[in-house]
Amino acid sequence: MKRMPLLGFVAVLVTWAICSPSAEALVAYCPREDQLHIWEPCVFSLGYDAGDRIIARITESKTQGYEAWRFQDTTEDDSVVNCRRATWDALAAGAGVLFIQTHGYIGFVAAAYSTDTSVLDNWADGDGDGSPDTGMSVEQSYAIPGQYYVRVTYVYFRNLGLGLDSRAIVFVASCHSADGGENSIMNTIGGRVVFAYQGASTNYDHRDDADRLFGMMNGELASGQNRRSDDAFNAGGYSNGFRMGDDPTTLCPGVFYVSPADGSHVGASGYAKIVFDSFCEDEVPVGQALTIQVSGSCDIRELQWIHAEQSEDPAQNCREIRFVYEGPACNPNFTITVTAHGDKIKAKDGTQLLDGNNVAPNGDSKVWSFSCP
Ligand SMILES: [Ca+2]
Ligand SMILES: [Ca+2]
Ligand SMILES: [Ca+2]
């Protein structure tokens, strides 16, 4: 009779382990959207370098499935150039990765600069009621003499907000963007994972941190071992004030592992599988996602996507594709070559293609083989 409460306790523990947020937090998602948006309202003060580094790490020849859209004020005058209010209001649309570099302090960033306060008064009055919108004000700049700016505070981000997708990767390169607790920019701007700064930061910090972060996440650094945002951050080597908030995210899906391993020798029958490091779109027909070439005699069965809840290791919550191979019991002799197609396998709910070797660019396939005897 005394065993019953103990069994109940064990059952509760098991349920807790499966449903706990800590297990859920291990899941890596990719952004749904496939554009890199860069907002630089004062390049005449903070330069181009950080934005250039991010573009070099995740677009064009090193693409991870993103196209760059860059909004800049390049002139130290009255014009906001490409940093207009209408563009700000549309900044989140399509943004899988958002990078903002500007001046700021605890609980606010400077979103637009001008020598003319009437230009900024209009900028801050997006709804046209004659007064600055909630969480916005026009202030004199001390960082850039002669300039004024639109201050956008956590109140704006909390109430109106940019409308960022809940799986976006966000990097706010401005002083104190991680300071202020619940009222910090980091905690109010939205997205899935946010990088920001505790204390003061320089444009050199932004440049070097961005280059290292996206170099880890695109796989060029650490041989593709730190592609997840949390692994990239925890690898260290960043400026002292660099901070990360919230959930594991990858730029595009990569390969976690394959089994049996490439080049291995196996018994006559068993399971083979590929496990991805992020959720993938399982609506892609499995026969297109993965093709199997058999040399010799061996049956292939049950090729299928395995969902997280079916996974042998639910805590990993990885997406995987699995099949059964079965050679003859007597004198088995076969080689199986598997191709996971980089032009078919893509992020769950997104468009970013598989990175088959975990190093940018993506879209390449993972090919491996094993044989018997
Ligand atoms: Ca200007
Ligand atoms: Ca207004
Ligand atoms: Ca690659």
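Computed from the coordinates by the stated procedures, all read-outs in this text should not be read as laboratory data. Keep in mind it's a predicted model, so treat the numbers as computed, not measured. FYI the Cβ positions are ideal-geometry reconstructions off the backbone, even for glycines, and counts take in every protein chain you see.
Considering only alpha-carbon pairs that sit under 8 angstrom and 6 or more positions apart, the relative contact order computed for the chain is 18 percent.
If the segment from residue 264 to residue 182 were pulled out straight at 0.36 nm per residue, it would be longer than the present Cα-Cα gap by 24.4 nm. Neighbour counts of other Cβ atoms within 10 Å put 129, 247, 116 in the fewest-to-most order 129, 116, 247.
Where in the chain are the helices, taken as whole DSSP H runs, whose Cα atoms extend 20 angstrom or more along the long axis and whose Kyte-Doolittle mean reaches at least -0.5? Mind showing how you got there, number by number?
Numbers: long enough: 3-19 (24 Å, 1.84); 203-217 (21 Å, -1.28).
Membrane-span-like by this rule: 3-19.
If R0 is taken as 51 Å, the Cβ-Cβ distance between residue 84 and residue 225 corresponds to a FRET efficiency of 0.80. Label reach from residue 116 (point 7 Å along Cα→C-beta): in region 125-153, amide nitrogens under 15 Å belong to 147-149. In whole percents, the pair-distance distribution calculated for region 128-187 from its alpha-carbon pairs, binned every 10 Å from zero, is 19, 45, 31, 5. Extents of region 255-372, largest first, come to 46, 29, 22 Å (Cα atoms, principal axes, whole angstrom). In this rough spin-label picture, where each label sits 7 Å from Cα along the Cβ direction, the residue 125-residue 75 distance is 2.3 nm. The value obtained for region 188-330, namely the Cα convex hull volume divided by the number of residues, is 145 Å³ per residue.
Once you keep just the Cα pairs under 8 angstrom separated by 6 or more residues, what percentage relative contact order results for region 231-293?
30
Summarising the label geometry, the points placed 7 Å from Cα in the beta-carbon direction at residue 166 and residue 333 lie 5.7 nm from one another.
Using alpha carbon coordinates only, what is the Rg to Rh ratio of the chain, with Rh defined as the Kirkwood radius?
1.09
Relative to the current alpha-carbon distance between residue 343 and residue 35, full extension at 0.36 nm per residue lengthens the span by 109.0 nm.
Here the extension length gained between residue 297 and residue 369 equals 24.4 nm, from 0.36 nm per residue of separation less the Cα-Cα distance. When each of 250, 153, 202 is scored by the number of other beta-carbon atoms lying within 10 Å, the sequence from fewest to most is 202, 153, 250. Taking every C-alpha pair closer than 8 Å and separated by at least 6 residues, the mean separation divided by the residue count of region 35-246 gives a relative contact order of 20 percent. Rounded to the nearest 500, the helix-only mean residue ellipticity at 222 nm of the chain stands at -6000 deg cm²/dmol, with each DSSP H run of n ≥ 4 adding -39,500 (n - 2.57). Computed from backbone phi, the HN-Hα couplings of region 171-184 come to 9, 9, 8, 7, 4, 6, 5, 9, 8, x, x, 5, 9, 6 Hz, rounded to whole numbers (Karplus: 6.51 cos²θ - 1.76 cosθ + 1.60, θ = phi - 60°; Gly and Pro given as x).
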